[in-house]
Each structure stands twice: as C-alpha cells, then as structure tokens.
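First comes the structure, then the notes that go with it.
The values are calculated or read from the model by the stated rules, or taken from the named source; none is laboratory data. Everything quoted here is computed from the prediction, not taken from an experiment. When we count neighbours, we look across all protein chains shown, and the Cβ atoms used for this are built from the backbone with ideal geometry, even at glycine. In case anyone asks, the SASA skips ligands and DNA or RNA and just uses the protein heavy atoms, side chains included. Shrake-Rupley method; radii C 1.70, N 1.55, O 1.52, S 1.80 Å.
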Amino acid sequence: QVQLVESGGGLVQAGGSLRLSCAASGSILRINEMGWFRQAPGKQRELVATITTAGTTNYGDSVKGRFTISRDNAANTVNLLMNSLKPEDAAVYFCVAAVLTGMYNYWGQGTQVTVSS
C-alpha cells in the first residue's frame, strides 16, 4: 500500500501563486508515476499534471504554461507550483500515484484551493 498526504492548499487572489506538496509513504518503490488531479463542485475530475520517476511530465491543457510539477525521488515527494491562478482553478486537488503509467491506484485525501477574483 501507498499513503499520500497533501499539503499547501489555501486561499489566494487571482493572479497569485500557491505551491502544493505531496509526501508518499509505504510501498513507494513500486511507484512510477505521481501527480495531481482536481475536482471542482459540479465538474468532472480532471488531470492537472503528472511526472514519472524518469522526469517525464504531462500537463492538462488548462494549466500548461502556468503550473509546474516537480518530483524529489529521494524524498518521495511531488510538488505543484501554481502561478497566475484563476478563479476557475479553484478545486480540491488530489495527489495520485501509479505503479503502471496512467493507472492511478493511490489517491490522497485532497487539499482545497480557493481563488478569489
């Protein structure tokens, strides 16, 4: 099993920045891919960004150029730097982990991001 704990959510004004972090523990040697999804009220859950152990990244279209994902394999953490935040970025952000790329078996509890206009 893998446990994921997110931190760093909160309230920010539009145009501001936030940094989310996720710490993984447990059977972490099995993890290949880590990343973030988000879900806003009344909307489907969507991919924000993912990164593999090798450093290959993938971003959702709505965040490209504004968000940056990074990973510290030694510390078993993944970070998401969110710049130029918009009200539509407000959501619960979930940290995810996958043994096989694209199959996100493990999810964190989520952290709330609120963006005021």
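The table below gives the values:
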item: Which of PHE37, PHE67 is most accessible, then next, and so on - probe 1.4 Å; result: PHE37, PHE67
item: Alpha carbon centroid spacing (whole Å) that separates segment 1-78 from segment 86-114; result: 6
item: Area of CYS95 that stays accessible when all protein chains are in place (1.4 Å probe, Å², to 10); result: 0
item: Whole-number percent relative contact order across the chain, with pairs defined as alpha carbons under 8 Å at least 6 apart; result: 36
item: Ranked order, ASP61, ASP89 - accessible area, probe 1.4 Å, largest first; result: ASP61, ASP89
item: Accessible-area composition of the chain, carbon plus sulfur, in percent [1.4 Å probe]; result: 50
item: Per residue solvent-accessible surface (Å²) - the chain, probe of 1.4 Å; result: 51
item: Loop sites in segment 1-43: trypsin sites (Lys or Arg not before Pro), DSSP, at most 15 other Cβ within 10 Å; result: LYS43
item: Heavy-atom accessible area order for SER21, SER7, largest first, 1.4 Å probe; result: SER7, SER21
